[in-house]
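Values quoted throughout were computed directly from the atomic coordinates according to the rules given, and no laboratory measurement underlies them. The shown structure was predicted, so the numbers you read here are calculated from the model rather than taken from an experiment.
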Amino acid sequence: MLPFKLIYSDAYYLPIGEHVFPAQKYRLIQQQLLRTGAAAPDDFLTPEPARDADVLLAHTPAWVTKLRSGTLSARDELVMEVPYSMELVRAFWLAAGGSILAAQCALRDRVGISIGGGFHHAFADHGEGFCMINDIAVAIRKLQHQGSIARAMTVDCDVHQGNGTAAIFAANNGAAFSFGGMGARDFAGFESDVFTISLHQENNYPAFKPPSSIDVNLADDVGDAEYLAQLDKALSAGLHQFDPQLLCYVAGADPYREDQLGGLSLTIEGLKKRDELVLRAAKARGIPVMVTLAGGYARQVEDTVTIHCNTVIAAREVYS
């Protein structure tokens with residue numbers, strides 16, 4: 001049995017038809033974890049959907065009303081890049097509930113992993129990039145609202161910048177600075193309740209990147225060694241400046257060198273080392289970690305599934 005819980009539901013499946021987003025991956029991840037013995041049936045918890053009141057902690061009433069009533073404009077649906085349906089709304093509300101539960105489990109068990117979520121392109125007032133609502137922001141605001149935490153940090157390792165998350169917490173980003181191609185600036189009078197770190201390919205979606213507290217803008221084709229060095233540098237800088245009571249780790253599979261929507265060159269082994277680096281840094285400082293899986297579009301879906309399963313295995317190895 002794992003020393004933490006995995007949050008999963010068959011209803012995580014996104015009803016989006018033929019799409020580059022492999023909606024079946026959640027089921028395949030659970031099946032592989034069980035088949036290989038990496039997890040047992042008792043390791044899984046089934047989430048409840050987030051309540052509208054929870055979603056409204058991170059999203060505007062106008063956007064929630066549009067989603068609940070099906071009154072999106074053509075442009076709303078175009079920038080979201082997934083076909084609207086009430087079934088899809090239910091799936092996203094469930095993903096947000098899963099992230100809330102994973103965060104609550106993390107406070108108890110040191111780590112909690114949702115086999116889903118990580119929809120970091122959703123803004124407070126609209127969706128973008130396959131993301132309808134931002135489950136990460138909903139989970140953070142829910143735990144803050146109920147008094148479980150005061151301060152949180154997001155560490156976003158998807159190949160695409162976490163623009164929605166950065167924008168939602170923009171008022172908290174103080175004197176944000178960047179690594180990589182945009183140089184660096186020191187913090188000045190930083191005060192915040194959420195600190196956002198995004199490590200991503202610079203020449204990739206989104207075209208406009210709202211500033212995170214720390215943005216690491218990676219050049220094309222960056223491989224394992226440079227990626228891990230930049231991640232270690234960003235984590236060290238962030239944790240030197242900020243003392244979170246919860247770390248929300250967005251463990252995207254799309255920095256993989258065979259990803260259709262990515263342009264970095266990480267190996268499967270390098271991505272597991274990435275997971276270990278984040279988890280060991282949090283464990284060493286006694287920071288609970290909520291994990292969501294985010295994107296992954298490998299040419300062979302089996303590779304995406306293996307990368308996501310390795311995140312669970314890395315957590316087992318770090319916390320056992």
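Overview of results
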read-out	value
Over the chain: helical MRE at 222 nm, DSSP H runs n ≥ 4 each giving -39500 (n - 2.57), nearest 500	-12500 deg cm²/dmol
Candidates Arg151, Arg299, Arg75: whichever shows maximal mean-square fluctuation once the chain is modelled as a Gaussian network with Cα springs under 10 Å	Arg75
Choice from Gln32, Gln241, Gln146 showing the highest fluctuation, given a GNM over the chain with Cα pairs closer than 10 Å	Gln146
Residue among Ala234, Ala253, Ala40 with the largest mean-square fluctuation in a Gaussian network model of the chain, springs linking Cα atoms under 10 Å	Ala40
Matching label, Rg and Dmax of the Cα atoms in Å computed from the structure shown, candidates [x] 18.8, 63; [y] 19.6, 60; [z] 17.6, 51	[z]
Calculated over region 222-320: convex hull of Cα atoms, volume per residue (Å³)	87
Over 26 Å between alpha carbons, listed pairs Lys209/Lys233; Lys25/Lys66; Lys142/Lys272	Lys25/Lys66; Lys142/Lys272
For region 1-104, average projected area of the Cα convex hull in nm²	7.5
